[in-house]
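Data block below; observations after.
Values quoted throughout were computed directly from the atomic coordinates according to the rules given, and no laboratory measurement underlies them. Remember, predicted model here, so these are calculated numbers, not experimental data. Cβ: placed from backbone, ideal geometry, glycine included. Neighbour counts: every protein chain shown.
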Amino acid sequence: MLLCYPMGHEYIACHRALRQLAVRLAQAGFPALRFDFYGSGDSAGQPEEGSIDGWLRDVTHAILELRARHGRAEVRLAGLRLGATLALLHGAQTDARAMVLWNPVVSGRAYLEELIAMQKQRFPDEPATPALEAFQGILGFPLSHTLRAELEQIDLLQTRERPARHVLIVESGQEGGGSALERHLRELGVDVHYRFLDAPAIWRELPDQVVVPTAVIQLVVSWMKQV
Amino acid sequence: MHEEAIAFGKTGSLIGVVTSPASSGRLPAAILLNAGIVHRVGPNRLHVRMARALAERGATVLRFDHSGIGDSAPRADALPFGKSSVAEVREAMDWLSARKGCTRFVLIGLCSGTLTAFRTACEDNRVVGAVLLNALLEDPATIGENVVAEVVSRKVARSYLRDKAWDRQSWAKFFRGAASYRRILEVLLARVTGWLAVRPLPAGAAEVARQLARLTDQGRELLFVYSEGTGVLEYFRLTLARPIRRLRRRQIMIQFLSGTDHNFTGLRHQARVVQIASDWFSQLAP
């Protein structure tokens, strides 16, 4: 199993939850690799150097690493937030057997609006970024204009290729186009399931209130076992 | 610069990342401690920025997760965090000593990490200095409620003074509000008359002041950086500011950043904190 983290400030809030998911998956017999995308976490690079294309290449490298370590050809993906989006976008290349999309970012435009609104709400006194600066601060992380432009292009409802044979879409605490994505993937011939759980939207938490939504983790693990 | 993930400690279950400089200078090694339960990259990935900036200056830097935080396994024993956190920092120093030949260490903490840094410095002479970001050097559970209320009143009063002095609506809210009016008025008066500290010093703070005197007597160097408007700064002003001023120790440096939160979230504030810490680090005696 390859686990794909969210980006920016969401990564910090979600780190513990994805570790727990990895532990539970491993206990259920699925070796799980979590990795940090370029420019995030412990990986090399600055956040403003990150790009969608670069991160999709990171997913390829991570899959190769997982296969090299465990010698199994079949790799399944699970992603949270933008990590789920990247997993789906990459999925078309690998035609994975199964994929979990946990609160995927379906519309890049909506995601950007949400980020900018949250930045304004939490830091109302922070001055707006002058137009000539290469990036703006979003809740402690630089968002480059390049990445912003790439994100604006993301609309998972416009994808044309099947990302995996079986897909589980989980939305916890917040709906963000998951149902529409379910319908779209079904049209592409995917065996897709959608579940909404009344669990915390952990990526919205402040960093000092890190939470682990056990209900979501249990659902993902049990779904993986029966796929 | 080179980074490697490591597993260390008695049970090999403490996970960290070591950043090694291109060429080792004569600087002490730096260890970045968890801020609250945020894992080793730090809030806003600050620890990663800080580690790489210090390595650019020639320092070997370790950022690691205490047991039960980030990727480190929980402890099997019942040692309370106050004790286990210090023990684990000492294990980190043991590892750096054995594998990288480091003999002197600077501990860098943010928020709750400052308490671990301070306690470890008090117990282990290998710690030659500490960078204490928004420091609270006592267990917050031991601080009396009356003192906490005092801190809150001062924080409110100061924020009104700073931000809303000419805002008539805010003054109206001020008099209708739930904070202790008497205390707020006293703080405002104190601001005018220059009297700030609570007397006598609460026992916990007095002990910290004694420890700071002892650490600096031994030549350890301390850098405090505070964000204006935070409760911990108000507590510092209430308790340690005056004893530290009286100590007149060259080894204690205190800097303030305004317009930022307790995690220095704004990008330019993060850059500023990293700059302040790096510059201070570079001038440490070899």
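Of the residues A:215, A:188, A:199, the one whose Cα sits farthest towards the positive end of the charge dipole of segment A:178-223 is A:188 (charges of +1 on Lys and Arg Cβ, -1 on Asp and Glu Cβ, taken about the Cα centre). For peptide B:27-39, the mean count of partner chain Cβ atoms within 10 Å of a residue's Cβ comes to 2.
When DSSP beta bridges are restricted to pairs lying wholly in the protein assembly as shown, around 25% turn out antiparallel.
Of the chymotrypsin sites (Phe, Trp or Tyr not before Pro) found in segment B:78-167, those that fall in a DSSP loop while having at most 12 other beta-carbon atoms within 10 Å are B:166. Between the residues A:86, A:32, B:16, the greatest Cα displacement towards the positive end of the dipole of the protein assembly as shown, with unit charges on the Cβ of Lys, Arg, Asp and Glu, is found for B:16.
Would you mind classifying chain B by shape? Square roots of the alpha carbon gyration tensor eigenvalues, ordered a ≥ b ≥ c; an a/c under 1.5 is rounded, otherwise it is prolate if a/b is larger than b/c and oblate if not. Cα axes put chain B in the prolate bin.
Working from Cα pairs under 8 Å separated by at least six residues, relative contact order for segment A:107-227 is 20 percent.
Count of lysine pairs in the protein assembly as shown with Cα atoms under 29 Å apart, counting only pairs 8 or more residues apart in sequence or on different chains? Total qualifying Lys-Lys pairs in the protein assembly as shown comes to 9.
Taking Cβ atoms as reference points and 9 Å as the exclusive limit, the residues near residue B:15 contribute a net charge of -1, counting Lys and Arg as +1 and Asp and Glu as -1. DSSP bridge analysis restricted to segment A:69-150 gives an antiparallel fraction near 50%, rounded to the nearest 5.
For segment B:21-91 and segment A:1-60, write down the distance between their C-alpha centroids in whole Å. What the calculation gives is 20 Å, centre to centre. The three principal axes of the Cα atoms in the protein assembly as shown give end-to-end lengths of 75, 61, 48 Å, sorted in falling order. Can you bin segment B:202-286 into rounded, prolate or oblate? Criterion: square roots of the alpha carbon gyration tensor eigenvalues sorted a ≥ b ≥ c, rounded for a/c under 1.5, prolate for a/b above b/c, oblate for the rest. In terms of gyration-tensor shape, oblate. Other residues within the sphere of radius under 14 Å centred on the Cβ of residue A:106, judged by their own Cβ, net out at -4 (K and R +1, D and E -1).
Within the shell defined by Cβ-Cβ distances under 12 Å, the residues around residue B:71 carry a net charge of +2, with Lys and Arg each +1 and Asp and Glu each -1. Between B:103, B:260, B:11, the GNM of chain B built on Cα springs shorter than 10 angstrom shows B:11 fluctuating the most. Rounded to the nearest whole Hz, the Karplus-based 3J(HN,Hα) values (6.51 cos²θ - 1.76 cosθ + 1.60, θ = phi - 60°) of segment B:222-235 follow the sequence 10, 10, 9, 10, 10, 8, 4, x, 8, x, 5, 5, 4, 5, with x at glycine and proline.
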